[in-house]
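The values are calculated or read from the model by the stated rules, or taken from the named source; none is laboratory data. If you're wondering where the values come from, they're calculated on a predicted model, not measured in any experiment. No Cβ is skipped: glycine too gets one built from the backbone with ideal geometry, and neighbour counts run over all protein chains shown. When the accessible area is computed, the model is the full protein with side chains, heavy atoms only, and any ligands, DNA or RNA have been set aside. Shrake-Rupley method; radii C 1.70, N 1.55, O 1.52, S 1.80 Å.
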Amino acid sequence: MTLDFEDILAAQARLEGHIERTPCRHSRTLSEITGAEVWVKFENHQFTAAYKERGALNKLLLLGENVRSRGVIAASAGNHSQGLSYHAARLGIPVTIVMPKGTPFVKVQQTRAHGAEVLIEGDSYDEASAHARKVCDDRELTFVHPFDDVDVMAGQGTVAIEMLQDVPDLEVLPIPIGGGGLIAGMATAAKHIKRDIRIVGLEPAMFPSFTARMRGVRTAQVNGASTIAEGIAVKEVGEHTYAIARPLIDEVLLIEEPHFERGIALYCNVEKTVTEGAGAASLAGLLAYPERFRGKKCGLVITGGNIDTRLLASVLTRELVRESRIVSLRIIGDDRPGLLANVSLIIGQMGANIIEVAHNRLALDVPAKGAEFDVMIETRDAQHTNEVMDALRERGYPPRVV
């Protein structure tokens with residue numbers, strides 16, 4: 001199976017008017033933070049909030065009428081399922097989606113809302129895919145693979161064409177890798193348009209499927225691993241995507257979880273846009289390996305914005321903790337009236353906010369006539385936190401961060 005630039009150009013013409021021509025904008029603040037010159041492609045602005053619409057629709061538009069009437073099936077952790085379901089409904093094609101257990105509820109709900117029959121099977125994408133293949137044979141449906149299909153790859157490659165039309169002098173494309181469909185399509189298009197552009201693959205350290213394949217290992221060892229970037233949590237990269245992408249990729253980097261979280265938080269706080277874990281992978285790569293991208297003109301793709309709201313809230317709160325803007329201070333003192341009031345007064349005078357207080361008189365490492373309490377405070381930044389702690393220390397209430 002081969003993928004040519006002409007296939008991607010044909011896909012672009014096919015998709016025109018059916019999907020969003022998403023913006024690619026310069027981010028001055030992210031450039032200052034990362035040291036690179038950052039341009040961001042907002043694929044979370046697609047109707048289903050992910051680039052996956054491109055490949056799914058391109059595949060559907062190439063199906064014959066007899067195939068369309070019987071229906072299609074796919075296995076997906078979310079974004080492929082939504083893109084396929086939405087456009088299949090528009091085209092009057094019945095669709096069945098098999099999702100692994102643990103798929104974020106928001107993705108399951110949105111897929112059903114597009115009219116798909118959703119089956120929850122398997123603990124991973126690979127197990128869900130195996131079940132989908134069985135259902136496909138039993139019902140005589142057409143399987144639409146989320147990545148290992150040349151028509152799907154061609155659709156995904158249109159992202160790179162648009163980016164290089166908007167910013168022709170991009171030097172590096174850091175691209176997330178799950179099954180490999182996006183990087184195979186984008187690398188094919190980008191290298192054809194601009195031969196010296198650098199293609200850098202990014203995958204979760206917990207699911208290094210492409211890296212494992214490069215080392216001659218067929219399946220990545222994950223052993224119960226869980227990543228916030230579940231959209232690219234694939235044990236085994238696609239056969240065809242690997243064959244197409246491998247010669248075009250200059251480097252593959254592994255990303256640890258804190259960098260995904262920080263990427264999500266930065267997109268939210270800086271660009272005022274919502275992204276899921278996999279959607280923040282490109283930015284996470286710049287944060288994890290700044291020396292690789294410093295001074296380079298980098299094109300980042302926000303591949304999707306479908307994140308559970310509770311998870312997003314947790315990520316944003318955890319980022320405040322990392323920045324020492326939310327800190328829990330433990331204070332031990334005499335158990336006398338007014339102690340907590342005095343501590344609260346000092347914190348308030350310093351301009352910090354008390355979030356919660358936990359009072360403990362029974363801790364055995366505290367004197368019988370003493371008291372221990374934890375005060376969680378919110379401050380402007382790490383320096384402000386240190387100023388609050390210094391003020392408490394000067395007034396006779398030495399705190400300890402817990």
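The residue that is surrounded by the fewest Cβ atoms within 10 Å (Cβ to Cβ), among those in segment 271-306 that are more than 16 Å from the chain's Cα centre (by Cα) and not in a strand (DSSP E or B), is E291. Looking only at segment 373-384, which residues are open to solvent by 10 Å² or more (accessible area, probe 1.4 Å) and either of a type in the set (D, E) or modelled with pLDDT under 90 (or both)? Within segment 373-384, D374, E378, D381 qualify.
Reported count of residues in segment 190-226, each being among the β-branched types (V, I, T), touching a helix residue (DSSP H, G or I) at 6+ places or on another chain (Cβ under 6 Å) and either under 21 Å from L283 (Cβ atoms) or assigned to a loop (DSSP other than H, G, I, E, B) (or both), is 2.
Within the set A154, A132, A160, A187, the sole residue that is under 25 Å from Q82 (Cβ atoms), more than 24 Å from the chain's Cα centre (by Cα) and either hydroxyl-bearing (S, T, Y) or assigned to a helix (DSSP H, G or I) (or both) turns out to be A132. Among residues of segment 92-107 that are within 25 Å of L312 (Cα to Cα) and part of a helix (DSSP H, G or I), those with a Cβ under 8 angstrom from a residue that is open to solvent by 60 Å² or more (accessible area, probe 1.4 Å) and of a type outside the set (A, V, I, L, M, F, W, C), sequence gap 6+ or separate chain, pair up as V106/T309. As a summary of the residue check, W39 satisfies the conditions (1) outside any strand (DSSP E or B); (2) in contact with a helix residue (DSSP H, G or I) (Cβ under 8 Å, 6 or more places away or on another chain); (3) open to solvent by 10 Å² or more (accessible area, probe 1.4 Å) except for the one numbered (1). Considering segment 62-85, the residues that are hydrophobic (A, V, I, L, M, F, W, C) and over 17 Å from the mean Cα position of the chain (by Cα) include one that is most open to solvent (accessible area, probe 1.4 Å), namely L62.
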